[in-house]
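What follows is one structure encoded as structure tokens, with my remarks underneath.
The values are calculated or read from the model by the stated rules, or taken from the named source; none is laboratory data. Note that the structure is a prediction, hence the values are computed from the model and not measured. Here the Cβ is made from the backbone with ideal geometry for all residues, glycine too, and neighbour counts use every protein chain on show. Surface accessibility is based on the protein's heavy atoms, side chains included, excluding ligands, DNA and RNA. Shrake-Rupley method; radii C 1.70, N 1.55, O 1.52, S 1.80 Å.
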Amino acid sequence: MVTSFLFQAHPVGTVYAGPIFWEATHAKAVMSAYRDFLPTAPEELGAFVGLKTVPSMDPFPKDYWGRRACAVISSYNGSTAEGEKIMARLLKSVPPPIFNWMGAMPFPAMQSLFDPFFPKGLQWYWKGDFVKSLPDEAIDTHIAQAAKAPSELSLMHLYPIDGAVRRVPKDATAWNTRDATWSMVIAGIDADPKQADALKTWGRAYWTAIHPFNLEGAFVNFMMDHEV
């Protein structure tokens, strides 16, 4: 039983951060480019990729409300000029996005950027996996399964596992999956309780389809109580 944690904090002030969204038709190009770009990125950049829907609300472009999308959401702990230069290496290899809202902001603002879209009381169903690689066939499977999302809020995210995580021995802590490249979450989300079964059905089917490409195990916070 864990009774306490000791954390080492690092100073972070203003970051160059925010979301970039592309139409779903460009998802394979974006996910492939992101996969190849990530190993070359500096540790100061955190960037995850997701398959989502453009929320039907301001400030998102009204012409794209409710349309499927691929997003890269990033935070660079450094200057805007340096961040733009780094992200340009990714952007030059993909089609133009729907929007690019990266800019200078306080780090806490980045951390809470999407809070307004997920109020308390929503229905949630989660499935997780650790991911070592992202071959083209896996990308195709992600895109096909994400297209079946039962609600506008439902999503899939791939969060990087790299940097300092890799410098800790696998046997140093209770978590030893330090050779994974991403932590995946499939999240079925909706405000309507009547959608609970649909969220669960979609999440489980998505996970079953993509799991053969992934490692065993998952981040506990991305698992439901019946799995833990």
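Starting at the first residue of segment 193-206, write each ³J(HN,Hα) from the Karplus equation 6.51 cos²θ - 1.76 cosθ + 1.60 with θ = phi - 60°, in whole Hz, x for Gly and Pro.
x, 5, 8, 4, 5, 5, 5, 5, 4, 5, x, 5, 5, 4
For the chain, what is the accessible area per residue in Å², given a 1.4 Å probe and the full set of protein chains?
With the other protein chains kept in place, the chain gives 54 Å² per residue.
Among Ala198, Ala104, Ala174, determine the one that fluctuates most according to a GNM of the chain built with springs between C-alpha atoms less than 10 Å apart.
Ala174
Pairs Lys132/Lys170; Lys28/Lys92; Lys127/Lys148; Lys62/Lys200: which exceed 22 Å Cα-Cα?
Pairs exceeding 22 Å: Lys62/Lys200.
Rounded, prolate or oblate: which one fits segment 53-167, using the alpha carbon gyration tensor with axes a ≥ b ≥ c (rounded when a/c is under 1.5, else prolate when a/b beats b/c, else oblate)? Don't skip to the answer; put the middle values down first.
Numbers: a/c = 1.35, a/b = 1.13, b/c = 1.19.
Taking the square roots of the gyration eigenvalues as a ≥ b ≥ c, segment 53-167 is rounded.
Any idea how far the Cα center of segment 21-44 sits from the one of segment 48-95, in Å?
Centre-to-centre (Cα) distance: 10 Å.
Under unit Cβ charges (Lys, Arg +1; Asp, Glu -1), what dipole magnitude, rounded to 20 debye, does the chain have relative to its Cα centre?
120 debye
Tell me, in nm to one decimal, what length is gained between Asp63 and Phe107 on full extension, where the rule is 0.36 nm per residue of separation less the Cα-Cα distance?
The span from Asp63 to Phe107 would gain 12.9 nm if fully extended.
Return the long-range amide H neighbours of Ser154 (sequence gap of 5 or more, or a different chain), with a cut-off of under 5 Å between placed amide H atoms.
Here the answer is Ile189, since their amide H atoms fall under 5 Å of that of Ser154.
What accessible area, in Å² to the nearest ten, does a 1.4 Å probe give for Val165?
50 Å²
Helix-only estimate, please: 222 nm mean residue ellipticity of the chain, summing -39500 (n - 2.57) across DSSP H runs of length 4 or more and dividing by its residues, to the nearest 500.
Taken over the chain, the calculation gives -7000 deg cm²/dmol.
Heavy atoms only, 1.4 Å probe, whole protein assembly: order Thr3, Thr201, Thr141 by accessible area, highest first.
I get Thr3, Thr201, Thr141, largest accessible area first.
Counting only protein heavy atoms and using a 1.4 Å probe, what share of the accessible area of the chain belongs to carbon plus sulfur, as a whole percent?
On the way: 6980 of 12230 Å².
Carbon and sulfur atoms account for 57 percent of the accessible area of the chain.
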